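Contents: one structure, followed by commentary.
Nothing in this text is a laboratory measurement; each read-out follows from the coordinates by a stated rule. Quantities reported herein were computed from a predicted structural model and do not represent experimental measurements. Note that we place each Cβ from the backbone using ideal geometry, even for glycine, and neighbour counts take in every protein chain shown.
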Amino acid sequence: MFFQEAAETVVQASPLQIWGAAGFGFIIGWLVYYINRYRTGDVQFSDLATVIGIIGGGAILALFPAKTDLFGGYGLGLFAGFLSYFLVLNLQVARSKKFFVEWFLDGRSKKLADDEMSRNESAELGGGGTAMGADHTNSGGRE
């Protein structure tokens, strides 16, 4: 009987809480896209389990109980963050003179000019390679 009463409890969320949950979801969605974009290995089943854990894991359900406005706000924020990363990336590729749509498919880009070098070449010369450090190579960029 106690469990039945607890299950019927409705959590009322303020607009601030809902926007906070959406903002948190936005950040998580942005990071999930970023992490998957810069992966160096093949996609594995454990990656799917990780994403499912991020979306509906125990910690998330503790913060934002299921079937509440807070969980709804988190879900919308997660969607918006994931989608906005893709849209920002599209805008950057569209504005660039060095990349085109095929870059999304297989990493193709226009040939480097004589005075340009790839991240791998830059790292070999001590330039650091990428913002992720000198050890992070083959990340789908213009090598």
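Points to keep in mind about this one:
- Trypsin sites (Lys or Arg not before Pro) restricted to DSSP loop in the range 34-81 with at most 10 other C-beta within 10 Å: K67
- Summary of packing: across the peptides 59-65, 89-95, 29-35, the per-residue average of other C-beta atoms within 10 Å ranks them, highest first, as 29-35, 59-65, 89-95.
- Gyration tensor verdict on the range 14-95 (Cα atoms; rounded if a/c is under 1.5, prolate if a/b is larger than b/c, oblate otherwise): oblate
- Across the range 72-82, computed HN-Hα scalar couplings (Karplus, 6.51 cos²θ - 1.76 cosθ + 1.60, θ = phi - 60°) run x, x, 5, x, 5, x, 4, 4, 5, x, 4 Hz from first to last residue, x flagging Gly and Pro.
- Residue-wise HN-Hα coupling along the range 30-41, computed from phi with Karplus coefficients 6.51, -1.76, 1.60 (Hz; x: Gly, Pro): 4, 5, 4, 5, 4, 5, 5, 5, 9, 5, 10, x
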